[in-house]
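One structure is given below, encoded as structure tokens.
The values are calculated or read from the model by the stated rules, or taken from the named source; none is laboratory data. Source: prediction; values computed, not measured. Here the Cβ positions follow ideal geometry from the backbone for every residue, glycine too, while neighbour counts run over all protein chains shown. The protein model used for the area step is the full one, side chains on, heavy atoms only, and it has no ligands, DNA or RNA in it. Shrake-Rupley method; radii C 1.70, N 1.55, O 1.52, S 1.80 Å.
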Amino acid sequence: MGKKYIDEAMRLNNATYNDYYSRLKMLAISLFKWEGLEEIGGNEEFLENALFKYGRACFVKDKTLGYLTLEAQPNNKVNVYNNPTQIVATGMNYNKIYEVDVNCIYIKNNKLTRPTFPTIDLIARRLYEVQRSIDVNTQLLKFPALIEGSTKTALTLQNLLEQYSGNVPFVFGRKDFSLTDCLKSIQFNIPYNIDKLEIEKRQIWNECLTYLGIENANTDKKERMITEEIESNDELTKYYLDCFYRPRQIACKKINDLFFEGKEKIKVTINNEALNLIIKEINDIINMDSYTPTNSNLEGEENE
């Protein structure tokens, strides 16, 4: 019985982490919308995944395939500001060297050229730890005692407990066997911590939203915050958003200047529609009923 339950616990551990990681990654790679990119042969999904995973990507014009958005691997050639002057553009069955700002534009994920996934990985792990603690607390409340029986009754007790843990009603009866005669139980005073763990999960989730630059990440606290604190939090959220948004805007301008004679052929904007849909869905899942995203600051940034 021990190995079975350990295997099931490990499966649930992995499934819980992967679920949170996938949700958060979906949100992270949907922050921005690249207008005009798909029409000329680029791929928005591949581009944002490259920025998420590696912190950098590139826009090139291949002599045969035309315009492409690819992963970028800098080589050892850099300028005085330690920025690459030559990169290796890579994709599926594709690997070519390009000169930056000559026949290629280097795209950064943020000001540090840092990928998003390490932070998302850490946050997903923290959410997984809290959620699994909630699951364990729930199970302990269901089994608030250690049951002791004889070796002769071990298999019978195991079958009964498996039915109980599977929420299956059971009736047991044998002429020569009495549960009350051969069982002892040690009662545990299991505390109810689910409400506290849910608050912790919200705080971790809010921290992630703030990091991604999504307004109202701490809405559930705002009624207890003074005006200065709210404004300070909003400023931090705007700053985080700008760390991701500004490098993409700079890359768009360089692409338009180099390949399209300054015409605004490609444009990057904040994907407010997708953000609102994704946030609502995930908030419903984790019961954050008090959180109503408005993203007003995102619209202001876009208008600017």
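Look through segment 24-44, keep the residues that are out of contact with any strand residue (DSSP E or B) (no Cβ under 8 Å at 6 or more places or on another chain) and under 25 Å from residue 207 (Cα atoms), and return whichever of them is surrounded by the fewest Cβ atoms within 10 Å (Cβ to Cβ).
Only one residue tops the list, namely 26.
Looking at 170, 117, can you tell me which residue is at pLDDT 95 or above, among the aromatic types (Phe, Trp, Tyr) and open to solvent by 70 Å² or more (accessible area, probe 1.4 Å)?
117
Pairs under 7 Å by beta carbon, first residue closer than 20 Å to residue 111 by Cβ in segment 39-66, partner open to solvent by 70 Å² or more (accessible area, probe 1.4 Å) and part of a helix (DSSP H, G or I), six or more apart or different chains?
Cβ pairs passing all conditions: 52/117; 53/117.
Of these, 57, 50, 9, which one is aliphatic (A, V, I, L, M) and either open to solvent by 40 Å² or more (accessible area, probe 1.4 Å) or within 30 Å of residue 135 (Cβ to Cβ) (or both)?
Among 57, 50, 9, only 9 is aliphatic (A, V, I, L, M) and either open to solvent by 40 Å² or more (accessible area, probe 1.4 Å) or within 30 Å of residue 135 (Cβ to Cβ) (or both).
Which of the following residues is assigned to a helix (DSSP H, G or I), of a type outside the set (Ser, Thr, Tyr) and either within 24 Å of the chain's Cα centre (by Cα) or on the phi < 0 side of the Ramachandran plot (or both): 72, 57, 50?
That would be 50, the only listed residue that is assigned to a helix (DSSP H, G or I), of a type outside the set (Ser, Thr, Tyr) and either within 24 Å of the chain's Cα centre (by Cα) or on the phi < 0 side of the Ramachandran plot (or both).
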